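Below is one structure, written out as C-alpha cells; comments come after it.
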Amino acid sequence: MNNKQWRRLHRKIAPIVFLPLFVSAVTGILYRVGKSWLGLGDSFGEMMMFIHQGSYLGKQLRVIYVILNGLGLIAMVVSGITMAGIFRGTPVDKLTQKSENESI
C-alpha cells in the first residue's frame, strides 16, 4: 500500500474507533485517579470499570467490544506509523520536501 492508501484507511477507521477508545481512556484514567488520589469509594470504581470494560453491552458483546477496541487501536497505530515513515529510514521532513518538489 502506498502512503495515500494508508491515509485513506486511517481516515476511514478513525471516526469509528475514536469514541470507544476515548471512553476507555477517560474511564481508565478516572478510575485510577479517583481511587488512588481522590480516595473515592468502591461504588465509583465499580461504575468506572463497568463503563471501561463495556459491561453495559452484556456478556457476549463485551468480548467483541474489547476485541474490536484492541484491533481498532492496532490498526490506527500501524497506519499512523506507516504514514509517518518511522521505519522507512526516511525522515518525514524529507518526504514532505520531496512531495512538495514533485508538485511544483
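We did not get these values from a lab; they are worked out from the coordinates using the rules stated. Keep in mind that what you see is a predicted model, and the values were worked out from it rather than measured. Methodologically, a virtual Cβ is constructed for each residue, glycine included, from the backbone with ideal geometry; neighbour enumeration extends over all protein chains shown.
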On the basis of being in a helix (DSSP H, G or I), among the charged types (D, E, K, R) and within 29 Å of residue 83 (Cβ to Cβ), does residue 35 make the cut? no
Just need a number here: residues in region 46-64 that are assigned to a helix (DSSP H, G or I) and over 23 Å from residue 32 (Cα atoms). 4
Does region 84-92 contain at least one residue that is in a helix (DSSP H, G or I) and among the polar types (S, T, N, Q)? no
Considering each of 13, 51, 29, 67 in turn, give the residue that is among the β-branched types (Val, Ile, Thr) and over 30 Å from residue 84 (Cβ atoms). 51
